[in-house]
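The values are calculated or read from the model by the stated rules, or taken from the named source; none is laboratory data. This structure is a prediction, so every number in the text was calculated from the model and none was measured. SASA here: full protein model, heavy atoms, side chains in, ligands and nucleic acids out. Shrake-Rupley method; radii C 1.70, N 1.55, O 1.52, S 1.80 Å.
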Amino acid sequence: MRRKSVLYLDVAEQIKADIMNGTYPVGSLLPTEAELEQLFEVSKITVRRAIELLSSEELVEKKSGKGTTVLSNRPYNKLSKAGTFTEYLNASGQKVTKKILSLETVTLQEHSMVYKFLGEQAVKVSRLYTLDEQPYIYFNYYLPITLKDIPLNEFENESLYRLMDQHKIEIIKFEDSFQTVELTPEQQTILRTSEKNGLKRIRKSMSPSGNVVEYSEAIYNTALYPYVIEYES
């Protein structure tokens, strides 16, 4: 892929394709920035933005003095041509941060939707995303009880889906549904908003056998920023 002018998105997409097809195997180092500049005939800034984007997608990790390592080529990184919302926000220049609010083992009631998928017990992770330091997304993830011994710092430092993959829980498909909901007082407090309504996204992540291995509910304060789905052609 040689052009005199290549946007960082083009560079990122080509590198991603090379990761997926095995040109750059998991655990290997990508070419240096100087080599990528020469390969794509672009500036250092373009290469760095491309690497930052791949890092936000958790495909690679850049460490000072060590280079850029390929972290994953797993299906959850390529399930859909629709870019993830956090990727969209990062690419739009928004400052997105996240923190774990709680990690616990919960007992589920038989009438619960989560019980239907995960059984009597599950690991519950509550997480808050901020947008330019304002609370924006409140997540509750329900995960298989087999993950109960994973310490909090691992959930804080690792991608949820990579962490599941490391513990032999493979995901091949996501199913998302959306609805407008009235915010509870707890949700208003966590999101620091007086808004009455928000957007609720329910996600079910499926294993190769068709079992649900993640059930999550996310509440978005869309008065702060609208939810956007960006599709590639």
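State which entries of Lys95/Lys148; Lys98/Lys204; Lys44/Lys168; Lys124/Lys200 exceed 27 angstrom in Cα-Cα distance in the structure shown.
Going by Cα-Cα distance, Lys95/Lys148; Lys44/Lys168 fall outside the 27 Å limit.
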Exercise. Any idea what Rg and Dmax come out to for segment 4-70 if you just take the C-alpha atoms, in Å?
Worked result: 10.7, 30
Problem set entry | Option label - Rg and Dmax of the Cα atoms in Å computed here, alternatives (i) 20.8, 68; (ii) 19.2, 61; (iii) 17.1, 53 | (ii)
For this session: Starting from the Cα of Lys62, draw a straight line to each of the aspartates and glutamates and keep only those under 20 Å, dropping any in the same chain fewer than 8 residues away.
Result: Asp10, Glu13, Asp18, Glu33, Glu35, Glu37, Glu52, Glu87, Glu154, Glu156, Glu158
Exercise. Taking a probe of 1.4 Å, how large is the accessible area per residue of the chain, in Å²?
Worked result: 56 Å²
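May I ask you to give the percent of accessible area on the chain that is carbon plus sulfur, with a probe radius of 1.4 Å?
Numbers: 6080 of 12980 Å².
Answer for the chain: carbon and sulfur cover 47 percent of the accessible area.
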